[in-house]
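Heads up, the thing below is written out as structure tokens.
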Amino acid sequence: MQQRIQHGRLGQEGARLDRVRLNEIITHVVFGGRRHRAYARITALAGARPGDRVLDIGCGGGYLARLLAAAVGPDGRVTGIDPSDTAVSYARRRAAANCSFRIGIAQDLDLPDRSFDVVTSTLAAHHIPEADRAAAFGEMLRVLRPGGALLAADFRPGGRRHTPHAFASAKRHGSAVPLEELVTAAGFRIEARGELPVLRYVRAVRPSGT
């Protein structure tokens, strides 16, 4: 298998984003100019409120993290995690005052237990090696406080079929990620699911008392 496909690099921990600006362009094309609308909806669905602590896993260049930072306001905090040092550097240069970025992988988060009110993960799950996805969603549960919310979104079946990114992702990661199964197996309670342009999403909570 080629180690470099389009704008990413495939490592043992999953795909890493190297060419961030190219990825931004491709993502805009994939969404047909509707990325802001879709990501604004994700921000609303995540339920981030002023003062919340939010973790964005697989943050890439920080587009969603910046929207979340606006939602939580100056008293809140957003942390973006991505395995690509290039993506993290790009995001840091554009970060809001209440937003920080660090290098890390979803399946092994170097973060304290119960330290976030909201966790988001958008277009990241299909980059995580299939064997590590259960561990990644387990980590999302671990870092959420009881009652905290997870908003996970990825390509919906058929929603990426004709895009260059779709072709590369299919070669690397196979078919659509079973978000509902992963979320439930990790111990979350699903509260909502649905579709957005190109995406499908699951909103779930960590049950109180866990």
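Where a number appears in this text, it was derived from the coordinates with a stated rule and is not lab data. All of these numbers come straight from a predicted model, not from anything done at the bench. Please note: Cβ atoms are built from the backbone with ideal geometry, for glycine as well, and neighbour counts cover all protein chains shown.
Modelling each spin label as a point 7 Å along the Cα-to-Cβ direction, I'd like the Arg37/Thr86 distance in nm, to one decimal.
Roughly 3.1 nm, to one decimal.
In nm, what is the difference between 0.36 nm times the number of residues separating Arg145 and Ala185 and their Cα-Cα distance?
12.6 nm
If r is the Cβ-Cβ distance from Ala44 to Ala134 and R0 is 35 Å, what FRET efficiency results, to the nearest 0.05?
On the way: r = 28 Å, r/R0 = 0.80.
Efficiency, rounded to the nearest 0.05: 0.80.
Evaluate the distance, in nm, between pseudo-label points positioned 7 Å from the Cα of Arg94 and of Val205 along their respective Cα→Cβ axes.
About 3.3 nm separates the two model spin labels.
Would you please put 56-64, 112-120, 92-100 in order of how densely packed they are, using the mean number of other Cβ atoms within 10 angstrom per residue and starting with the highest?
The densest-packed peptide leads the list: 56-64, 112-120, 92-100.
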